[in-house]
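Before any comments, here is the structure.
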Amino acid sequence: MSEINWNDVSYFLAVCRAGSLSGAARHLKVEHTTVGRRISALERALGSRLFDRSRDGYTPTARGAEIRSLAEDMEAAADTLARRGAGGDARVAGTLRITSTETLCAEFLVPALPRLMSRYPDLRIEVASDNTRLSLARREADMALRLARPDAGALVARSIATIGYGVYASRSFCRKHSLSPGVFQPDMHPVVGFDDTGADFPAARWLTAACTAVGVQPALVSNSLFSQYAAVVGGIGAGVLPCYKAESDSRLVRLLAPSRVISRSLWLVYHRDVRDLVRLRAVAEFLIDEGRRRRVDLEGPRHQR
């Protein structure tokens with residue numbers, strides 16, 4: 001094994017996070033050929049191939065994943081050293097990758113980012129909207145917003161808000177089926193629901209139980225909350241929707257409030273090994289404040305009007 005140029009490690013991490021030489025080059029503000037040379041140099045120094053190359057991009061090999069974990073430990077240690085050297089007031093800079101569901105990213109996270117990035121202009125945020133869970137342990141993301149507290153792994157979880165869910169229908173649908181607030185009768189009108197991939201989602205279980213009790217099935221199911229929302233707005237049926245999205249839509253009528261449906265805690269989650277990263281701590285505190293600021297519209301109405 002040759003002597004390692006430690007600057008090459010930052011290039012390696014950039015490729016891991018971007019998934020390509022060109023993406024890493026844009027982040028580092030260098031030519032992609034420079035990134036390629038630095039990765040090749042690091043592979044020679046370590047005597048191992050760190051990435052599988054394909055048309056889809058660069059994917060870490062098993063050895064690469066191991067090196068990434070060590071490299072991020074180095075990055076965290078460097079951030080800690082910088083913070084202590086500056087008397088605890090290190091500059092908030094670098095890249096932070098945050099993952100959550102499509103709706104939470106679009107309705108909670110992304111709307112808050114202009115204020116966050118105005119406060120920290122040297123901070124770069126990557127948003128991974130995905131209804132499947134990216135692994136924090138494998139460093140597929142640095143931070144997650146989740147609707148269930150993790151029960152395994154070396155993860156830190158902080159409850160930052162309560163998300164309320166109600167049953168909603170369009171105004172035209174309510175007129176057609178003579179529905180009024182406080183009434184939800186899945187045996188008397190069509191319902192929009194979740195497909196099998198979302199069957200374990202608590203709101204899905206609530207809706208399934210309500211439909212099963214009267215022997216009916218939803219008229220339309222989808223794995224996308226955005227699609228369910230569009231179906232409810234379009235008058236296909238009544239459905240369970242998050243209050244933070246549905247309450248502000250004048251086209252919708254709330255049939256049941258969260259007190260009669262379900263509420264869930266919103267958790268901010270990150271790996272214990274990166275908890276001392278300056279940028280992670282700054283973003284975590286910002287999102288905790290954002291949860292407090294938006295408490296009313298996230299929780300929704302406590303009682304039916």
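Here are the numbers:
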read-out: Residue in the range 71-91 that is in contact with a strand residue (DSSP E or B) (Cβ under 9 Å, 6 or more places away or on another chain), at pLDDT 90 or above and either surrounded by 12 or more Cβ atoms within 10 Å (Cβ to Cβ) or within 22 Å of Val278 (Cα to Cα) (or both) present; value: no
read-out: Only listed residue being in a helix (DSSP H, G or I), closer than 29 Å to Ile98 by Cβ, in contact (Cβ under 8 Å) with a residue 60 or more places away in the chain and within 22 Å of the chain's Cα centre (by Cα), chosen from Tyr165, Tyr244; value: Tyr244
read-out: Candidate set from the range 253-295 (those that are outside the structural domain of Gly94 (by TED's automatic domain parsing) and part of a helix (DSSP H, G or I)); member that is nearest to Ala161 (Cα to Cα); value: Pro258
read-out: Within the range 7-30, tally of residues that are part of a loop (DSSP other than H, G, I, E, B) and in contact (Cβ under 8 Å) with a residue 24 or more places away in the chain; value: 2
read-out: The range 17-51, subset within 26 Å of Met143 (Cβ to Cβ) and of a type in the set (D, E, K, R), residue surrounded by the fewest Cβ atoms within 10 Å (Cβ to Cβ); value: Lys29
read-out: Candidates Arg146, Arg171, Arg139, filtered to the one that is over 25 Å from Arg294 (Cα atoms), in contact (Cβ under 8 Å) with a residue 40 or more places away in the chain and surrounded by 15 or more Cβ atoms within 10 Å (Cβ to Cβ); value: Arg139
read-out: Test set (1) surrounded by 15 or more Cβ atoms within 10 Å (Cβ to Cβ); (2) farther than 30 Å from Leu280 by Cα - Thr162 fails condition number; value: (2)
read-out: Residue match in the range 223-235 (condition: over 25 Å from the mean Cα position of the chain (by Cα) and closer than 19 Å to Val183 by Cα); value: yes
read-out: Selection within the range 31-72 - among the aliphatic types (A, V, I, L, M) and outside any helix (DSSP H, G or I); value: Leu50
read-out: Search result, residues across the range 176-190 that are farther than 12 Å from Val253 by Cα and of a type in the set (A, V, I, L, M); value: Met188
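The values are calculated or read from the model by the stated rules, or taken from the named source; none is laboratory data. Since this is a predicted model, take the numbers as computed values, not measurements. When we count neighbours, we look across all protein chains shown, and the Cβ atoms used for this are built from the backbone with ideal geometry, even at glycine.
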